[in-house]
Amino acid sequence: MRFHSTRDVKLAYTSAQAITQGLSKDGGLFVPDAFPKLAAGQLEELSSMDYPHRAAAVMGMFLEDFSAGELAAFTEKAYGSQFDDPSIAPVRRIDENTAALELWHGPTCAFKDMALQMLPLLLTASMKKTGETRRACILTATSGDTGKAALEGFRDVPGTKIMVFYPKDGVSDVQALQMTSQEGANVGVSAVYGNFDDAQAGVKKIFSDEAFREELDGKGWFLSSANSINLGRLLPQVVYYVSAYCDMAAAGMVRMGEPVNFCVPTGNFGNILAGFYARQMGLPVKKLICASNANDVLTDFISTGTYDRNRPFFTTISPSMDILVSSNLERMLFHLSGGDDGFVRKCMEGLASEGKYTVPEDLMAALREIFACGCCGEEGTREQISRIFTAHGYLIDTHTAVAYRVLEDYRASTGDMTPAAVVSTASPYKFCGAVLEAIGGAAEGSGVELIDRLSEKSGVRIPEPLAALKGKQPRFTQCVSKQEMQEAVRSFIG
Ligand SMILES: *Cc1c(COP(=O)(O)O)cnc(C)c1O
């Protein structure tokens, strides 16, 4: 299997090369030249395995230049005791035909761990395979959860350094302290004035600066990304869709072979794109429901066919979805257009110059066969948290609440009652202020103090890594402008 750039299919690489590079040099994203197919009986086989073995089997179908033994060793390590649930990605049934796929049992309590516990292992192995002798400087812009998960994944990994930029006022108190108190000798963290798109644009600019890359090269470093555009992040995410299906079948929610729906709280389109990859492999998925918060650029896109980022940006209580440019959508455009790199280039040029592009109606029709969409504002988010807690004693975070609400709206408007999993992307304790308020608690004070109050009010156990945050002091206090980011990287590498 080869991986191509979405903007130039003539560029073809092995998976190790694609993972090492992160982003193609023409600005495109790496995509597989075909989707491997689940064989007859393979889902039953996977059902009898634990999560690390499921992960090795599913990823192995894409990663042909990695041996089965190698992948098994990696998944054993990535999905081990740092998760506080032996199922790693447990499916929790909420009612007759609804479940929550809990992706937040890892060390940073958000779904990013599912990929970022794995990526450092894939990346360092890929560097060896490709003969890369320079060291990797991981550069990441984060809307909150990626940063911490990447820091935790790469901390003290030999041959790497990691620098994380987060928007100063775009992350929760808990998220900020999680990052600024990060331990490890090879880590750096800086706030950026502005929102997530500012931070992400700053990082993209550094990546595309040839002179800067040469300068680093002279010092024995190259830049790599831990953002969800890296193939090494996308593939581990495919696993939990397959795994969830096996678990839903085992629990009797669906008969093996019958379809399910997934409703995914979406920002950069990485999580839901992995669901699409699983579906392309033959996983019985009817609809992938794309849920947005008040930043409803994807809802509008799926409804109208025009992607238009020219709109107000809202800072919401589900900040990991506060995104106006969903990078991974580029892969979707590539696959839906049958691999038309010229079409993808044209869309991305439109996005760069005018902030928008329009997709022809026939492609949109194909997209709507697979994807449904919906959005949910702040009030709806709070209401949903309160309602699910009251009705089921189940506490969900703000992002999960958006998806849950969108699933309910989807069911009400379509009548499609296919068994569904709401993809639950964060522990409610990462967003305690908003969650506490939603269930009727008083939410004055800073996020970290609120952890205890949420626990008293809800009776739900505090995840260990968040309990340990109390009393931690920030190690990193720097805040820079978008223009100063490159200099910050330069002095971090030294
Ligand atoms: C990153 C994140 C999302 C959005 O995922 P994408 O892959 O960017 O679509 C949703 N919820 C939480 C809690 C996240 O951390």
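Listed values, structure above:
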{"read-out": "Sequence ranges 481-487, 229-235, ranked by mean other-Cβ count within 10 angstrom, highest first", "value": "229-235, 481-487"}
{"read-out": "Peptides 423-432, 403-412, 66-75, 271-280 ordered by average Cβ neighbours within 10 Å, highest first", "value": "423-432, 271-280, 403-412, 66-75"}
{"read-out": "Across K128/K219; K128/K430; K10/K129, pairs whose alpha-carbon gap is larger than 30 Å", "value": "K128/K430"}
{"read-out": "The chain: relative contact order as a whole-number percent, Cα under 8 Å and 6+ apart", "value": "18 percent"}
{"read-out": "Projected label distance in nm at I94 and S353, using a 7 Å step from Cα toward the beta-carbon", "value": "4.5 nm"}
{"read-out": "Summed side-chain charge close to M1 - residues other than M1 whose Cβ falls under 10 Å, Lys, Arg +1, Asp, Glu -1", "value": "-2"}
{"read-out": "Solvent exposure of the stretch 59-108 as accessible area per residue, Å², 1.4 Å probe", "value": "40 Å²"}
{"read-out": "Solvent-accessible area, 1.4 Å probe, carbon plus sulfur percent, for the stretch 1-159", "value": "52 percent"}
{"read-out": "Beta bridge orientation in the chain: antiparallel %, DSSP, nearest 5", "value": "25 percent"}
{"read-out": "Kyte-Doolittle at least -0.5, axis length at least 18 Å by Cα - qualifying DSSP helices, the chain", "value": "231-250, 341-354, 398-414"}
{"read-out": "D84-S208 pseudo-label distance in nm [points 7 Å out on the Cα-to-Cβ vector]", "value": "4.2 nm"}
{"read-out": "Cα gyration tensor, the stretch 202-361 - rounded (a/c under 1.5), prolate or oblate", "value": "prolate"}
{"read-out": "Charge sum, other residues only, whose C-beta stays under 11 Å from N293's C-beta, Lys/Arg counted +1 and Asp/Glu -1", "value": "-2"}
{"read-out": "Magnitude of the charge dipole, the stretch 397-468, Cβ model with Lys/Arg +1 and Asp/Glu -1, debye to 20", "value": "120 debye"}
{"read-out": "Under 19 Å from the Cα of K37 - aspartates and glutamates, other chains or at least 8 residues apart", "value": "E45, E64, D65, E258"}
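The values are calculated or read from the model by the stated rules, or taken from the named source; none is laboratory data. All figures in this text were calculated on a predicted structure; none of them were measured in a lab. Please note: Cβ atoms are built from the backbone with ideal geometry, for glycine as well, and neighbour counts cover all protein chains shown. Remember, those area values only see protein heavy atoms, side chains included, never the ligands or the DNA or RNA. Shrake-Rupley method; radii C 1.70, N 1.55, O 1.52, S 1.80 Å.
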